[in-house]
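S.K.: This is the structure, below, for whatever I ask next.
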Amino acid sequence: GQLVESGGGSVKPGGSLRLSCAVSGFSFSYAWMSWVRQAPGKGLEWVGRIKSNPDGGATDYAAPVKGRFSVSRDDSKRTFYLQMDSLKTEDTALYYCATLYDGTALDFWGQGTLVTVS
Amino acid sequence: QSVLTQPPSVSAAPGQKVTISCSGSTSNIGNNHVSWYQHLPGTAPKLLIFDNNRRPSGIPDRFSGSKSGTSATLGITGLQTGDEADYYCGTWDTSLSGLVFGEGTKVTVL
């Protein structure tokens with residue numbers, strides 16, 4: 001499978017940005033999807049996930065982004081999204097999308113898209 | 001501060017073995033499967049181990065995983081210069097309702 005992120009860029013604190021993750025090469029409609037980020041000089045940090053629609057489509061978020069970020073999917077476009085609102089400087093990071101196997105393992109990853117909040 | 005604890009770094013000579021520990025609790029490792037990732041900053045992380053000890057297709061058997069109670073371990077044998085990277089453990093945390101990662105361990109080949 002292939003995952004390609006887009007939508008990153010530079011934004012001021014308090015601003016919004018929407019990231020997209022275009023998926024090809026596997027059955028997207030049954031895939032659980034997740035966003036993971038890496039801030040400069042830091043480790044990997046999970047952001048959020050969405051289950052497949054056949055599995056209910058529920059979402060979960062990490063505490064630092066809950067209430068500000070939301071994940072969604074458009075199975076017809078084979079695309080997964082991360083809407084980021086009320087951005088803070090600490091949201092500056094390289095954002096990766098990934099498929100989530102069995103709810104615990106991130107098996108396929110994109111190359112990442114950079115978000116800078118300053 | 002991560003809920004999963006890893007050593008900051010490990011090192012060994014080429015051909016030798018290293019092990020990386022990942023310590024958690026009953027709300028994460030103790031009741032969920034553990035995964036391990038290899039990451040070179042700026043590139044896509046790679047899944048090395050899932051379901052505690054299973055390797056995805058294409059991952060050599062030099063990489064192995066194990067779990068006991070609330071701890072997990074990644075082993076790398078026959079160390080190669082290409083193995084120099086950051087390694088992360090990860091699992092679901094039932095109390096947090098989210099995925100959690102360890103802080104990462106930098107592997108250096110001497």
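The values are calculated or read from the model by the stated rules, or taken from the named source; none is laboratory data. Quantities reported herein were computed from a predicted structural model and do not represent experimental measurements. Cβ placement follows ideal geometry from the backbone for every residue including glycine, while neighbour counts extend to all protein chains displayed.
S.K.: Output the number of the condition that B:T108 fails; it satisfies all remaining conditions of (1) under 21 Å from A:W46 (Cα atoms); (2) in contact with a strand residue (DSSP E or B) (Cβ under 8 Å, 6 or more places away or on another chain).
M.R.: All conditions are met except number (1).
S.K.: For B:P60, all conditions in the list (1) within 11 Å of chain A (Cβ to nearest Cβ); (2) not in a strand (DSSP E or B) hold save one; what is the number of the exception?
M.R.: That leaves (1) as the condition not met.
S.K.: Output yes when any residue across segment B:80-88 is assigned to a loop (DSSP other than H, G, I, E, B), in contact (Cβ under 8 Å) with a residue 40 or more places away in the chain and either more than 26 Å from A:P64 (Cβ to Cβ) or within 11 Å of chain A (Cβ to nearest Cβ) (or both), and no when none is.
M.R.: Yes: segment B:80-88 contains one or more residues that are assigned to a loop (DSSP other than H, G, I, E, B), in contact (Cβ under 8 Å) with a residue 40 or more places away in the chain and either more than 26 Å from A:P64 (Cβ to Cβ) or within 11 Å of chain A (Cβ to nearest Cβ) (or both).
S.K.: If a residue must be more than 10 Å from chain A (Cβ to nearest Cβ), under 25 Å from B:G58 (Cβ atoms), part of a loop (DSSP other than H, G, I, E, B) and not polar (S, T, N, Q), how many such residues does segment B:6-48 contain?
M.R.: 4
S.K.: Among the residues of segment A:59-100 satisfying the criterion of being exposed (fewer than 14 other Cβ atoms within 10 Å of the Cβ) and acidic (D, E), which is farthest from the other protein chains (Cβ to nearest Cβ)?
M.R.: That would be A:D74.
S.K.: Which one is nearest to B:D93 (Cα to Cα) among residues in segment A:28-54 that are more than 10 Å from chain B (Cβ to nearest Cβ) and free of Cβ contacts under 8 Å to residues at least 24 places away in the same chain?
M.R.: Once the filter is applied, the top-ranked residue is A:K51.
S.K.: Then there is this: Among A:E45, A:E5, which is assigned to a strand (DSSP E or B), among the acidic types (D, E), in contact with a strand residue (DSSP E or B) (Cβ under 6 Å, 6 or more places away or on another chain) and more than 16 Å from B:S97 (Cβ to Cβ)?
M.R.: Only one candidate passes the filter, namely A:E5.
S.K.: Looking at segment B:63-78, is at least one residue in a strand (DSSP E or B), within 13 Å of A:A105 (Cα to Cα) and either more than 13 Å from every other protein chain (Cβ to nearest Cβ) or modelled with pLDDT of 95 or more (or both)?
M.R.: There is no residue in segment B:63-78 that is in a strand (DSSP E or B), within 13 Å of A:A105 (Cα to Cα) and either more than 13 Å from every other protein chain (Cβ to nearest Cβ) or modelled with pLDDT of 95 or more (or both).
S.K.: Moving on to the next point. The conditions are (1) assigned to a strand (DSSP E or B); (2) of a type in the set (F, W, Y); (3) surrounded by fewer than 16 Cβ atoms within 10 Å (Cβ to Cβ), and A:W35 fails exactly one of them. Which is it?
M.R.: With respect to (1) assigned to a strand (DSSP E or B); (2) of a type in the set (F, W, Y); (3) surrounded by fewer than 16 Cβ atoms within 10 Å (Cβ to Cβ), A:W35 is out only on (3).
S.K.: Test A:S10 against the stated conditions and say whether it is in a strand (DSSP E or B), among the polar types (S, T, N, Q), at pLDDT 95 or above and in contact with a Gly (Cβ under 7 Å, 6 or more places away or on another chain).
M.R.: The answer is no for A:S10.
S.K.: I've got another one for you. From the residues in segment B:89-110 that are of a type in the set (A, V, I, L, M, F, W, C) and farther than 13 Å from A:A105 by Cα, which one is farthest from the other protein chains (Cβ to nearest Cβ)?
M.R.: B:L110
S.K.: Do we find that A:V71 is modelled with pLDDT of 95 or more, closer than 26 Å to B:G102 by Cβ, among the β-branched types (V, I, T) and outside any strand (DSSP E or B) in this structure?
M.R.: For A:V71, the condition - modelled with pLDDT of 95 or more, closer than 26 Å to B:G102 by Cβ, among the β-branched types (V, I, T) and outside any strand (DSSP E or B) - is not met.
S.K.: Something else about it: Any chance you could count how many residues in segment A:101-118 are under 15 Å from A:R37 (Cα atoms) and either touching a helix residue (DSSP H, G or I) at 6+ places or on another chain (Cβ under 7 Å) or more than 14 Å from chain B (Cβ to nearest Cβ) (or both)?
M.R.: Of the residues in segment A:101-118, 3 are under 15 Å from A:R37 (Cα atoms) and either touching a helix residue (DSSP H, G or I) at 6+ places or on another chain (Cβ under 7 Å) or more than 14 Å from chain B (Cβ to nearest Cβ) (or both).
S.K.: When A:D55 is evaluated against the numbered criteria (1) buried (at least 17 other Cβ atoms within 10 Å of the Cβ); (2) of a type in the set (D, E, K, R); (3) touching a Phe, Trp or Tyr at 6+ places or on another chain (Cβ under 8 Å), which criterion, by number, is the only one it fails?
M.R.: Failed condition: (1).
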